[in-house]
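Peer 1: Pasting a structure below so you can have a look.
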Amino acid sequence: MAGQSDPHLSVFSAAEVEFLAEDEMVEIVPNMKMGPLNFICGDFGPFRPQIATEVPLWLAVALKKRGKCTIRPPQWLSVEKLTQVLEAERDSPREFQPLPFHYVEISRLLFDHARDDIPDVYMVRSLIEDIRYVRFSKVESGLETISGRTHAVKLKNLSAMEVNIVRPFVVRTLQAFYKHDSPQMIQHPDTAANRPPQVADRGPRRDLRRR
Amino acid sequence: MASGSEQGLDTATEDYDSLIATTDVELLKQAWRNEKAAPEILQFQASLIQRSREQIQLMEDTVEEFTENGTDPLTVSLYQMDLDRTQFLLRSYLRIRLQKIEKYMIHISRTNELWNRLSEQEQRFAKRCTDDMEKHLKQSVLSRLPYGYQSILKQSISSEEDDMVPEPQLDTFVFCKSKGSVGAFQLDDSGDEIVDLVGDDLYVLRYKSIKALVERGQIDLV
Amino acid sequence: MYGKGASQLLKELSSSEPGQLKNFNTDIFEEVIKECITHHLALQSLMRKIQEEGLDIQTTRNADHFGAVIHHLSLMRNKRCLMAYVYHRAEIIQSLRWKVGPVLPEEIQEKLKYSEEEYFRNHSAALMEYISELDLDLTVDMVPPKDPYIQVRVLDDIGFALVGDQSLNLTLHSMHFLKRTDAEQYISQGLMEDLSGS
């Protein structure tokens, strides 16, 4: 089962990240009457027509597919909010805006299964795309700053899918620096300290000890 | 508990959150994530697995009953989905552990601390695996090498330590999220490496340095 | 050159597709085993020579000593490579139980050497024993579950058919909400397309 790949470089598959995202709660408005559902993962309902209630995303999508409800998109998934986020992402090259940890998967699932419930869905979708793109280029430029001196990397507000994408590269890079830790390979401490603050090395630093 | 009050007081929400956060499914998911992301095998979650299996059993019975007494297919399909999700987590959790045992069987068999993290069934599996692997390696390589070079653990009779046993890399880097505020945390023994772990922050750190926090459940690997 | 064959074995491993096996390279493998024995003989004769000359084997640092060291190190390196070769293949063999099942198809089996086949059988048996003790099949649910029902569109005029436990009129372009397991045979034959999860 282990296969050949280092399990560390691909901890979660895309399907597994989506599985985790499906447990995020969303609000639905049922159009039918149904008693409470007492699941292993929790109790939901009862469901009454036109009375909003919170359920996990997987349940919301299942009900939606069966024509039993509409899904209320989360507040952040609106043209207004996302426009603000996008601007803020562009204005702060070193930071990520707070978005749900699973914003990529949640929005994708809703685009796939509940597009008629999202006002201005085309606009919303393209805003999400833009945000992903801006954030990803920030990740890339942040990664360029990883060096042998990086001991702890702080990635505040990075989302699950983004983590998954950068994981192989970050882990391999940090590992390589760790392994090849030698004075020649490490930049001079002064230049490192004078660099502007950046995504990738807010953590404390020092030379890794030679072993 | 759910009195239906619409006030949504902060305290009520917090209570609700912590209640939600401690369902067995939530715990199982956490155990699954940590086991998936940690380079070494973690403590077997015996009572959690026991409880999860009981709940799955109950739910299987319920779904069967539903099918028999003609409950509407919609409801049945939803219960089935809930059941499928929990079963996937359980199976996947157990599989990842097997995967680690397969990968590091010799090391685990020879390290008390690790050996004691396995369930009894896993221990029997590990024992058999190790025997089979040893037999295979002896048969195909070791028995054909000259005297002094036949050990499975050492490169040669003159090696001082067991220098042939594959071990997990504990100083690999992992992605983690602190649940609450952990506070200033020492990254190494010498104490000149401190990081302030604030709630919900995302970090990439060396596994070795946060191992204890993972074991205590203060930090989640993601 | 010492160690050339051994490194060839490892190159072969690293040039294979991840998780895929090539034929067990018996020729080179045997060559390396032979090389090990030759190293050992040379090593022993050098040690004997040192002793015959009445020198202390622990402290002597003459040409014979360093020659012996080279043979010793070469032998260890060969051993590591041989072990890595067999061990690495054994790891792939372990994974086959999960990917392929308890019986290996001919084309994989012929790539294994005898003790590898035996290892596969033993390891599978160990796994099956664990699974039966556990009383929970771990070879299913390999990926996260999806909704057991899917939306499909019919791509051919199939007409009335018994799907699961209901009779449906599967006319061209009609859409249905079916159990994934019931729809799969139609999908694989190209008679329906899965509309969910786009």
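Peer 1: All but one of (1) at pLDDT 95 or above; (2) buried (at least 19 other Cβ atoms within 10 Å of the Cβ) hold for C:A84, so report the exception by its number.
Peer 2: Result: C:A84 passes all but (2).
Peer 1: Just wondering, is there one or more residues in segment C:98-119 that are crowded, with 17+ Cβ neighbours inside 10 Å, under 30 Å from B:L83 (Cα atoms) and modelled with pLDDT under 90?
Peer 2: Checked against the condition, which is being crowded, with 17+ Cβ neighbours inside 10 Å, under 30 Å from B:L83 (Cα atoms) and modelled with pLDDT under 90, segment C:98-119 yields at least one hit.
Peer 1: Going by what's in this entry, would B:R124 be described as facing another protein chain (nearest Cβ under 8 Å), among the basic types (K, R), assigned to a helix (DSSP H, G or I) and surrounded by fewer than 19 Cβ atoms within 10 Å (Cβ to Cβ)? If you could, list the steps in order and put the result at the bottom.
Peer 2: Details: facing another protein chain (nearest Cβ under 8 Å): yes; among the basic types (K, R): yes; assigned to a helix (DSSP H, G or I): yes; surrounded by fewer than 19 Cβ atoms within 10 Å (Cβ to Cβ): yes.
Judged against the criteria, B:R124 is a match.
Peer 1: Which condition number does B:Q87 fail, the rest of (1) out of contact with any helix residue (DSSP H, G or I) (no Cβ under 8 Å at 6 or more places or on another chain); (2) closer than 22 Å to B:D24 by Cα being met?
Peer 2: (1)
Peer 1: If you don't mind, there's one more thing I want to ask. On the basis of being exposed (fewer than 15 other Cβ atoms within 10 Å of the Cβ), modelled with pLDDT of 70 or more and over 20 Å from the mean Cα position of the chain (by Cα), does A:E144 make the cut? Give the steps one after another, and end with the answer.
Peer 2: On the way: exposed (fewer than 15 other Cβ atoms within 10 Å of the Cβ): yes; modelled with pLDDT of 70 or more: yes; over 20 Å from the mean Cα position of the chain (by Cα): yes.
Spelling it out, A:E144 is indeed exposed (fewer than 15 other Cβ atoms within 10 Å of the Cβ), modelled with pLDDT of 70 or more and over 20 Å from the mean Cα position of the chain (by Cα).
Peer 1: A further question on this structure: What are the residues in segment C:150-186 that are of a type outside the set (A, V, I, L, M) and under 21 Å from B:T67 (Cα atoms), if any?
Peer 2: Taking segment C:150-186 and keeping what is of a type outside the set (A, V, I, L, M), we get C:151, C:153, C:156-157, C:159-160, C:164-167, C:169, C:171, C:173-174, C:176-177, C:179-182, C:184-186.
Across segment C:150-186, the qualifying residues are C:G164, C:D165, C:Q166, C:S167, C:F177, C:K179, C:R180, C:T181, C:D182.
Peer 1: Identify, from the list B:S178, B:S159, the residue that is crowded, with 20+ Cβ neighbours inside 10 Å and more than 8 Å from every other protein chain (Cβ to nearest Cβ). Outline the logic, then answer.
Peer 2: Values: B:S159 fails: crowded, with 20+ Cβ neighbours inside 10 Å.
Going through B:S178, B:S159 in turn, the sole match is B:S178.
Peer 1: Run down B:R117, B:R51 and say which single residue is assigned to a loop (DSSP other than H, G, I, E, B) and among the basic types (K, R).
Peer 2: Details: B:R51 fails: assigned to a loop (DSSP other than H, G, I, E, B).
From the options B:R117, B:R51, the qualifying one is B:R117.
Peer 1: Check C:L162, C:L172 and return the single one that is away from chain A (no Cβ under 14 Å) and part of a strand (DSSP E or B).
Peer 2: Step by step, each of C:L162, C:L172 is checked, and only C:L162 is away from chain A (no Cβ under 14 Å) and part of a strand (DSSP E or B).
Peer 1: If you don't mind, another one. Of everything in segment B:111-121 that's of a type outside the set (A, V, I, L, M, F, W, C) and surrounded by 15 or more Cβ atoms within 10 Å (Cβ to Cβ), which residue is nearest to B:M164 (Cα to Cα)?
Peer 2: Applying the filter and picking the extreme gives B:T111.
Peer 1: A further question follows. Take the conditions within 20 Å of the chain's Cα centre (by Cα) and surrounded by fewer than 16 Cβ atoms within 10 Å (Cβ to Cβ) and apply them to A:S159. Does it pass?
Peer 2: Details: within 20 Å of the chain's Cα centre (by Cα): yes; surrounded by fewer than 16 Cβ atoms within 10 Å (Cβ to Cβ): no.
In short, no.
Let's see how each residue does on (1) touching a Pro at 6+ places or on another chain (Cβ under 8 Å); (2) touching a residue at least 12 places away in the same chain (Cβ under 8 Å); (3) surrounded by fewer than 21 Cβ atoms within 10 Å (Cβ to Cβ); (4) not assigned by TED's automatic domain parsing to the domain that holds B:Q45:
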{"site": "B:T130", "(1), (2), (3), (4)": "no, yes, yes, no"}
{"site": "B:M133", "(1), (2), (3), (4)": "no, yes, no, no"}
{"site": "B:Y147", "(1), (2), (3), (4)": "no, no, yes, no"}
{"site": "B:A184", "(1), (2), (3), (4)": "no, yes, yes, yes"}
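Peer 1: In segment B:26-48, which residue that is more than 12 Å from chain A (Cβ to nearest Cβ) and not in a loop (DSSP other than H, G, I, E, B) is nearest to B:Q99 (Cα to Cα)?
Peer 2: B:A31
Peer 1: Moving on. Just name the residue that is nearest to the other protein chains (Cβ to nearest Cβ) out of those in segment B:93-121 that are touching a helix residue (DSSP H, G or I) at 6+ places or on another chain (Cβ under 6 Å) and under 16 Å from C:D141 (Cα atoms).
Peer 2: So, considering only residues that are touching a helix residue (DSSP H, G or I) at 6+ places or on another chain (Cβ under 6 Å) and under 16 Å from C:D141 (Cα atoms), the one nearest to the other protein chains (Cβ to nearest Cβ) is B:I96.
Peer 1: Going through segment A:81-119 one residue at a time, which ones are outside any loop (DSSP other than H, G, I, E, B) and small (G, A, S)?
Peer 2: Narrowing segment A:81-119 to residues outside any loop (DSSP other than H, G, I, E, B): A:81-91, A:103-113, A:115-117.
Correct list: A:A88, A:S107.
Peer 1: Here is a further query. Does segment A:62-69 include one or more residues that are touching a residue at least 12 places away in the same chain (Cβ under 8 Å), buried (at least 21 other Cβ atoms within 10 Å of the Cβ) and not in a helix (DSSP H, G or I)?
Peer 2: Yes, the conditions are met somewhere in segment A:62-69.
Residues are listed down the side, and each one gets a yes or a no for (1) modelled with pLDDT of 95 or more; (2) surrounded by fewer than 17 Cβ atoms within 10 Å (Cβ to Cβ); (3) over 19 Å from A:P36 (Cβ atoms); (4) not assigned by TED's automatic domain parsing to the domain that holds B:L213:
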site: B:S3; (1), (2), (3), (4): no, yes, no, yes
site: B:Q30; (1), (2), (3), (4): no, no, yes, yes
site: B:R51; (1), (2), (3), (4): yes, yes, yes, yes
site: B:Q57; (1), (2), (3), (4): yes, yes, yes, yes
site: B:T67; (1), (2), (3), (4): no, yes, yes, yes
site: B:D72; (1), (2), (3), (4): no, yes, no, yes
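Peer 1: If you don't mind, another one. From B:E60, B:E65, which residue is away from chain C (no Cβ under 14 Å) and more than 20 Å from the chain's Cα centre (by Cα)?
Peer 2: The conditions single out B:E65.
Peer 1: Can you pull out every residue in segment C:42-85 that is acidic (D, E) and closer than 22 Å to C:Y2 by Cα?
Peer 2: Of the residues in segment C:42-85, the ones acidic (D, E) are C:52-53, C:56, C:64.
Of everything in segment C:42-85, just one residue is acidic (D, E) and closer than 22 Å to C:Y2 by Cα, namely C:D64.
Peer 1: Check whether at least one residue in segment A:35-46 is over 30 Å from A:T145 (Cβ atoms), touching a residue at least 40 places away in the same chain (Cβ under 8 Å) and buried (at least 16 other Cβ atoms within 10 Å of the Cβ), and report yes or no. Explain how you work it out, then say what you get.
Peer 2: First pass over segment A:35-46, keeping only residues over 30 Å from A:T145 (Cβ atoms): A:35-46.
If we keep only those that are touching a residue at least 40 places away in the same chain (Cβ under 8 Å) too, we end up with none.
Within segment A:35-46, not a single residue is over 30 Å from A:T145 (Cβ atoms), touching a residue at least 40 places away in the same chain (Cβ under 8 Å) and buried (at least 16 other Cβ atoms within 10 Å of the Cβ).
Peer 1: Look through B:S156, B:S209 and report the one residue that is touching a helix residue (DSSP H, G or I) at 6+ places or on another chain (Cβ under 8 Å) and either outside any helix (DSSP H, G or I) or not assigned by TED's automatic domain parsing to the domain that holds B:W32 (or both). Walk me through it before giving the result.
Peer 2: Numbers: B:S209 fails: touching a helix residue (DSSP H, G or I) at 6+ places or on another chain (Cβ under 8 Å).
Exactly one residue qualifies, and that residue is B:S156.
Condition check ((1) of a type in the set (K, R); (2) over 30 Å from C:I37 (Cβ atoms); (3) touching a Cys at 6+ places or on another chain (Cβ under 9 Å)) across all residues:
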position	(1), (2), (3)
C:L82	no, no, yes
C:Y85	no, no, no
C:H88	no, no, no
C:I92	no, no, no
C:E107	no, yes, no
C:K111	yes, no, no
C:F120	no, no, no
C:A126	no, yes, yes
C:E129	no, yes, no
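Peer 1: Turning to a different aspect of this structure: For segment A:18-61, how many residues meet the condition of being out of contact with any Phe, Trp or Tyr (no Cβ under 6 Å at 6 or more places or on another chain) and outside any helix (DSSP H, G or I)? Walk me through how you get there before you give the answer.
Peer 2: In the first step, residues of segment A:18-61 are kept if they are out of contact with any Phe, Trp or Tyr (no Cβ under 6 Å at 6 or more places or on another chain); the result is A:18-21, A:23-29, A:31-33, A:35-36, A:38-54, A:56-61.
From what is left, the residues that are outside any helix (DSSP H, G or I) are A:23-29, A:31-33, A:35-36, A:38-54, A:56.
Residues in segment A:18-61 being out of contact with any Phe, Trp or Tyr (no Cβ under 6 Å at 6 or more places or on another chain) and outside any helix (DSSP H, G or I): 30 in total.
Peer 1: Also, quick follow-up: Quick one: would you say B:Y207 is within 18 Å of the chain's Cα centre (by Cα) and buried (at least 20 other Cβ atoms within 10 Å of the Cβ)?
Peer 2: yes
Peer 1: Quick one: in segment B:167-200, which of the residues that are outside any strand (DSSP E or B) and at positive phi is modelled with the lowest pLDDT? Give the derivation first.
Peer 2: Step one: list which residues in segment B:167-200 are outside any strand (DSSP E or B), which gives B:167-172, B:179-182, B:187-193, B:198-200.
If we keep only those that are at positive phi as well, we get B:191, B:200.
On the way: B:G191: 59, B:D200: 78.
Among those that are outside any strand (DSSP E or B) and at positive phi, it is B:G191.
Results for (1) at pLDDT below 85; (2) in contact with a Pro (Cβ under 6 Å, 6 or more places away or on another chain); (3) closer than 19 Å to A:A62 by Cβ, shown as yes or no for each residue.
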{"position": "C:V154", "(1), (2), (3)": "no, no, no"}
{"position": "C:Q166", "(1), (2), (3)": "yes, no, no"}
{"position": "C:T171", "(1), (2), (3)": "no, no, no"}
{"position": "C:I187", "(1), (2), (3)": "no, no, no"}
{"position": "C:E193", "(1), (2), (3)": "no, no, no"}
{"position": "C:G197", "(1), (2), (3)": "yes, no, yes"}
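The values are calculated or read from the model by the stated rules, or taken from the named source; none is laboratory data. Owing to the predicted nature of the structure, the values given are computational and were not obtained by experimental measurement. Note: ideal-geometry Cβ built from the backbone for every residue, glycine included; neighbour counts use all protein chains shown.
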